[in-house]
Amino acid sequence: MVFSERLKIEREKRGWSQTDLAERISVSRQSVSKWETGKNYPSIEVIIDLSDLFGITIDELLRSDEELKEKVIQDSKQLAYPKWKVFFDSVWLLGTFLLVAKLLILALNYFVGTDIMILKGLPKVVSNFLPLALMVIGGIGSDQLKNKYID
């Protein structure tokens, strides 16, 4: 039996309407309706409340519904280093922006005949490779952190 069916059976066993159940666990009636029709699933906190309210184990609510079980597992995972992930993503975006800006300036200089200088006193090596270096560092750092979750 899937979660939606089990929820409806347990609610009806007690003679409660969707509104009654929603009030008991402090959610909207629409949320209960979506859970019972399988359009959405509750958070783990609500599943715990439902388990306590119905006097059944969380296992009884989750075991039969593979999709809900996967959602709960995914929801429980949190990135271990979310600020570092944002930092590396930002470094990658900055590198991308600088590369696009450099290519745009070069294209304008070549095709339109403008004479836009890229930071006069900056060594050519820095202006040529900085965007690429930022993109590589940001990409590698972000990739290393994307699957590191708190256990």
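From the list 84, 35, exactly one residue is touching a residue at least 40 places away in the same chain (Cβ under 8 Å) and either in contact with a Cys (Cβ under 7 Å, 6 or more places away or on another chain) or hydrophobic (A, V, I, L, M, F, W, C) (or both). Which is it?
84
From 74, 144, which residue is exposed (fewer than 14 other Cβ atoms within 10 Å of the Cβ), modelled with pLDDT under 80 and part of a helix (DSSP H, G or I)?
None of the other options fit; the residue is 74.
Exactly one of (1) at pLDDT 85 or above; (2) among the β-branched types (Val, Ile, Thr); (3) surrounded by 13 or more Cβ atoms within 10 Å (Cβ to Cβ); (4) not in a helix (DSSP H, G or I) is unmet by residue 114. Its number?
Here residue 114 meets the rest and fails (3).
One line per residue, one yes/no per condition, for (1) of a type in the set (Phe, Trp, Tyr); (2) outside the structural domain of residue 131 (by TED's automatic domain parsing):
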position	(1), (2)
25	no, yes
39	no, yes
49	no, yes
53	no, yes
58	no, yes
90	no, no
95	no, no
99	no, no
111	yes, no
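Checking the condition closer than 30 Å to residue 129 by Cβ, touching a helix residue (DSSP H, G or I) at 6+ places or on another chain (Cβ under 9 Å) and touching a residue at least 12 places away in the same chain (Cβ under 8 Å), which residue from 99, 53 passes?
Every option except 99 fails the conditions.
The values are calculated or read from the model by the stated rules, or taken from the named source; none is laboratory data. Just so it is clear, the structure is predicted and the values come from calculations on it, not from any experiment. Note: ideal-geometry Cβ built from the backbone for every residue, glycine included; neighbour counts use all protein chains shown.
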